[in-house]
Amino acid sequence: MTRKNYYLMSDGILKRRENTVYFINKDNKKPLPINKIYSIYAYGSLSFSSQVVNLLAKEGIPIHFFNYYGFYSGSFYPRETLLSGDLLVKQAEHFLDFEKRIILAKKFVEGAAKNMMKVLAYYNVDNPIKEILSELTDCDVITEIMNVEGRIRADYYGRLDEILPEDFQIGKRSRRPPENMINSLISFGNSLIYSTTLSEIYNTQLNPTISYLHEPSERRYSLSLDLSEIFKPILVDRLILYLVKKRMLNENDFEKDMEYCLLNENGRKVFLKEYDKRLKKTIKHRELNKNVSYRRLIRLEAYKMIKHLLGSKEYKPFVMWW
Amino acid sequence: MYLIIVYDIKVERVNKVKGFLRTHLYWIQNSVFEGEVTVSEFEEIKMGINDIIEKDEDSVIIYSFRTEKAFKRKVMGIEKAPIDGIL
């Protein structure tokens, strides 16, 4: 994996020069080797020219934008070069055929729940997720599946409080805006993984707007939401627990106000650095029998979906085995 | 594989080489680039340099390692351009 993610935290200009990309901010001018960029995450305010966009499009590099509060606001999604009409038709077919859609939707919930159980098991926390999950078999509409998913998640976050130190308790999950420190970490992490997954989907023939668990009408790249579900416990939650337990983040890394709590610049830097480390971290893959990075795991998940859609192999969500 | 490239090139071509290497590797200090590349990218880089330089006037040395872990790197004094993904 020679290409890497760039996280632009400061305000600046993205410029094309000498056929590569320069990031210019008030302190310095830094060339980013075009062949070494995988995707760009822009947290500061970023100005860029169409020449840069042309170059990034040519190389197939997406830029993900986040607003002032660190919430995902959108992506520059370069022209698709990996197109497959056949797969698109199959993707739509699996959405339109209600039974087929339900099968996939359940798999995402199942994968997510099993990974949550693994996270809790690591800290020896008992949980009823398995029992709630078993109700999934009787669900025959999406709303019921969503309901099960919601209950699992609510229970899961409650259990995390048993692990977390007092000042980092979740209490109740709050979004838009997150009301306390841990909620802001979860929101920040989730929007990150959402765009990471989108980058991976971009590199496959899948269409990111057709999804199964989430409604495709959500005006978002909702397939990315589906796939992220599985990786949230693995990548985001474990990272948060790590950062909090190791006291790598404290109150000074947050900006607080009456009704919201957000990571400040230093907090974001710490978070992103560790997040990026995790994406690069490798594990020995059991089936492939070789070392695979976490980022690669997300891509493999997309490939597994393609196989399922094309009918060559049934999709089985990724579950941590450690 | 991991590359370290150092070069000594006539003034009229030095910017061309620098510009080309910037698209593939990280600029470390004057006349030095390094970075992780794939095998095919390595070939690309070699061909690219070959097209720019004059064989009887310029000199380019490429050190290649199987992996970044195969050597130690120590900077004394200032690190002119740290390789960092968070900017």
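Note on chain A: helix-only mean residue ellipticity at 222 nm, from DSSP H runs of 4+ residues weighted -39500 (n - 2.57) and normalised by residue number, equals -15000 deg cm²/dmol. Take every Cα pair under 8 Å whose residues are at least 6 apart in sequence, average their separation, divide by the length of the stretch A:164-322, and the relative contact order is 22 percent. For chain A, hydrophobic long helices are taken as DSSP H runs at least 24 Å long by C-alpha position along their axis with mean Kyte-Doolittle hydropathy of -1.0 or more; these are A:98-122, A:142-163, A:181-202, A:294-310.
In this structure the amide hydrogen of A:PHE254, modeled in the peptide plane, comes within under 5 Å of the amide hydrogens of A:ASN264, none closer than 5 places in sequence on its chain. In percent, rounded to a whole number, the relative contact order of chain A is 16, using alpha-carbon pairs under 8 Å and six or more apart. Working note: Karplus 6.51/-1.76/1.60 with θ = phi - 60° gives the stretch B:31-40 the couplings 6, 10, 10, 8, x, 7, 9, 8, 4, 5 Hz, where Gly and Pro are set to x.
Taking a label point 7 Å from the Cα of A:GLU93 along the Cα→Cβ vector, which residues of the stretch A:288-317 have an amide N closer than 20 Å to it? Answer for the stretch A:288-317: A:302-316. Between A:ILE230, B:ALA70, B:TRP27, the Cα set farthest toward the positive side of the dipole of the protein assembly as shown (charges on each charged residue's Cβ, about the Cα centre) is that of B:ALA70.
Rounded to the nearest 20, the Cβ-based charge dipole of chain B about its Cα centre (Lys and Arg +1, Asp and Glu -1) stands at 360 debye.
Once C-alpha pairs closer than 8 Å and six or more residues apart are averaged by separation and normalised to the residue number of the stretch A:230-322, the relative contact order reads 19 percent.
Calculated over the stretch A:46-120, the projected area of the Cα convex hull averaged across directions stands at 8.4 nm².
All distinct Cα pairs of the stretch A:167-281 go into the 1/r average, and the inverse of that average, the Kirkwood radius, is 15.0 Å.
As a fraction of the 1.4 Å probe accessible area of chain A, surface on carbon and sulfur atoms comes out at 49 percent. Expressed as an acute angle from 0 to 90° and rounded to the nearest 10, what is the orientation of the C-alpha long axis of helix B:11-22 relative to the principal long axis of chain B? For helix B:11-22, the angle is close to 40 degrees.
Annotation: amide H of A:SER75 within the under-5 Å range of A:PHE65, sequence separation 5 or more or interchain, hydrogens built in the peptide plane. The equivalent ellipsoid that matches the C-alpha gyration tensor of chain B spans semi-axes of 22, 16, 12 angstrom, in descending order.
Sorting A:ASP276, A:ASP140, B:ASP56 on solvent-accessible area from highest to lowest, probe radius 1.4 Å, gives B:ASP56, A:ASP140, A:ASP276. A Förster radius of 41 Å, combined with the Cβ-Cβ distance separating A:ASN147 from B:GLU68, puts the computed FRET efficiency at roughly 0.25. 3J(HN,Hα) couplings calculated from phi for the stretch A:14-30 with the Karplus curve 6.51 cos²θ - 1.76 cosθ + 1.60 (θ = phi - 60°) are, in sequence order, 9, 10, 9, 8, 6, 6, 9, 9, 10, 9, 10, 10, 5, 8, 7, 10, 10 Hz; Gly and Pro show x. Rounded to the nearest 20, the Cβ-based charge dipole of the protein assembly as shown about its Cα centre (Lys and Arg +1, Asp and Glu -1) stands at 1060 debye. In this structure the stretch A:102-193 gives 45 Å² per residue of accessible area when probed at 1.4 Å with all protein chains present. In the stretch B:58-87, burial by the other protein chains removes 30 Å² or more of 1.4 Å probe accessible surface, compared with the chain on its own, from B:GLY85, B:ILE86, B:LEU87.
With 24 Å as the limit on Cα-Cα distance, the pairs of A:LYS269/B:LYS72; A:LYS58/B:LYS18; A:LYS114/A:LYS313; A:LYS245/A:LYS304 that go past it are A:LYS269/B:LYS72; A:LYS245/A:LYS304. With a simple spin-label model that places each label point 7 Å from the Cα along the Cα-to-Cβ direction, the separation between A:ASN250 and A:GLU80 comes to 5.0 nm.
For A:LYS277, the aspartates and glutamates whose Cα comes closer than 19 Å to its Cα, not counting residues fewer than 8 places off in the same chain, are A:GLU200, A:ASP237, A:GLU265, B:GLU36, B:GLU68, B:ASP84. Taking all C-alpha pairs of chain A, those more than 33 Å from each other amount to 26 percent.
Its Cα gyration tensor gives the stretch A:186-227 an equivalent ellipsoid. The semi-axes, each the square root of 5 times an eigenvalue, are 16, 14, 7 Å from largest down.
The A-B contact accounts for approximately 1700 Å² of buried accessible area, totalled over both chains at a 1.4 Å probe radius.
Provide the packing ranking of A:40-50, A:79-89, B:67-77, i.e. peptides ordered by the mean count of other C-beta atoms within 10 Å per residue, highest first.
Taking the mean over residues of other Cβ atoms within 10 Å, the ranking is A:40-50, A:79-89, B:67-77.
Spin-label model, A:ASN266 to A:ILE103: label points 7 Å out along the Cα-to-beta-carbon direction sit 5.3 nm apart.
Stokes-Einstein diffusion for the stretch A:1-145 at 37 °C, viscosity 0.692 mPa s, with a Kirkwood radius from C-alpha pairs, works out to 172 µm²/s.
Ordering A:TYR22, A:PRO208, A:LEU120 by the projection of their Cα atoms onto the charge dipole of chain A, which places +1 on the Cβ of Lys and Arg and -1 on the Cβ of Asp and Glu, puts A:TYR22 at the extreme positive end. Stokes-Einstein, applied to the Kirkwood radius of the stretch A:59-184 over Cα pairs at a viscosity of 1.567 mPa s and 4 °C, places its translational diffusion at 73 µm² s⁻¹.
The values are calculated or read from the model by the stated rules, or taken from the named source; none is laboratory data. Here the structure is a predicted model, which is why all the values come from computation and not from measurement. Using ideal geometry, Cβ is built from the backbone for each residue, glycine included, and neighbour counts are taken over all protein chains shown. With ligands, DNA and RNA removed, areas are computed over all heavy atoms of the protein, side chains included. Shrake-Rupley method; radii C 1.70, N 1.55, O 1.52, S 1.80 Å.
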